[in-house]
Each structure stands twice: as C-alpha cells, then as structure tokens.
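Engineer: Before anything else, here's the structure in question.
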C-alpha cells in the first residue's frame, strides 16, 4: 500500500494494516518478554516493560518505525509521544471485549488525540480472536452506544482484521474496535502502542 493509499484509508475507514513490517528476528526478540510474563486472572498475559524485560531494545525500536509515526502525524497533526507500550496475550477462551474507543467521548470538531498500533507477534486469525473494527466509526462523535459496548454484541458493519506475524494494525483512537474471544489452542501475542498528543 502506497503512502497516499494509507492516508486515504486512515481518513475514510480510520485504520490500515501494513504487512511484513517486522522481520522474523525482531519477532523472536519481542517474544522473549512473554516467556517471563505470568498469566493474569482474566486469562490475558500482560507484559509491562521494565529495565529487566528480556528483549527490551526490540520493544523500544517499535517507537521509531516510520509507518506508524507517519500515521500519527496525519491523525494528530501536532507533536505527539508514545504514552504506553506493552504486550498483550489473550489465552485460549479469553480476550472478548465490547466495542470501545481509546480515549474519552468527544464532540464534533474536537481534534483527534490518540493513535493505536497493534503489532502482530502471532498471526491474527478469525479463530484466535483477531481484532474487530467498525470502519468509519471514528467520524461519529461521543462514545460507543451501550448496545454495542457489551462484549457479546455484534455490529452489522464490523470487520475482523486478520494478518500475519510481523504485520501492524494502525488506527485512529476514536475508531470503534475490540479484541475477540480466542477460540484457538494457542495465545495471540501482540505489542500494543498508544500514541497521544504531547502536553
């Protein structure tokens, strides 16, 4: 996808997927952090980065990938920072979320404040609960209606974003999205980056 096509996708649909951004060696370094992360009570492993995190430098290098920075420049249109970078691994039987936005409810005319990048460390498939989005929903002020915010609610326009390990899903933080239930026998590892306007 060319830069102009990516820009159009971000404007119209609120997201795009860039394929093959992370090579195999980089992915292996990112996986090291999950090997030492414990299972949480909600069935999802969370990797919180510390100075002792295995493969930490590989995680920090995600902050400098140009394709994500260019998306943040387009959406936010002002200085920005990486507010959060962590790992998520919904284990079998877990991961179902209600549709939500990454931020607070907003009014028409408010500038965007958040961009999210999901780096696929494992393949994202329909079976293992790949992220779902509602294309174009970033144009709707407010927050997700309660009828669609319930974990098992379905939106008629939702789209499941599948991809291969090494791909990255980048989206406007106002886009309606959520994880889905992992019905496979394995985890679904990802690095989640939240980029916000610099205060």
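Every number here is computed from the coordinates shown, using simple stated rules; none is lab data. Computed from a predicted structure; not experimentally measured. Reconstructed Cβ throughout: ideal geometry from the backbone, glycine too, with neighbour counts over all protein chains shown.
Engineer: To one decimal place, what orientation-averaged projected area in nm² is obtained for the convex hull of the Cα set of the stretch 71-157?
Structural biologist: Over all viewing directions, the stretch 71-157 projects a mean Cα-hull area of 6.9 nm².
Engineer: Continuing with the same structure: If neighbour count is taken as other Cβ atoms inside 10 Å, put 114, 196, 125 in order from fewest to most.
Structural biologist: On the way: 114 23, 196 20, 125 16.
Lowest to highest Cβ neighbour count: 125, 196, 114.
Engineer: Evaluate the distance, in nm, between pseudo-label points positioned 7 Å from the Cα of residue 11 and of residue 185 along their respective Cα→Cβ axes.
Structural biologist: Inter-label distance under the simple model: 4.8 nm.
Engineer: Any idea how far the Cα center of the stretch 76-152 sits from the one of the stretch 1-59, in Å?
Structural biologist: 14
Engineer: Given contacts defined as C-alpha pairs under 8 Å and at least six residues apart, what's the relative contact order of the chain, whole-number percent?
Structural biologist: Once divided by the residue count of the chain, the mean separation gives 34 percent.
Engineer: Compute the FRET efficiency between residue 70 and residue 199 as 1/(1 + (r/R0)^6), taking r as their Cβ-Cβ distance and R0 = 22 Å, and round to the nearest 0.05.
Structural biologist: 0.50
Engineer: Here's another thing I want to ask about it. At 7 Å along Cα-to-Cβ for each site, give me the label-to-label distance between residue 152 and residue 4 in nm.
Structural biologist: About 4.8 nm separates the two model spin labels.
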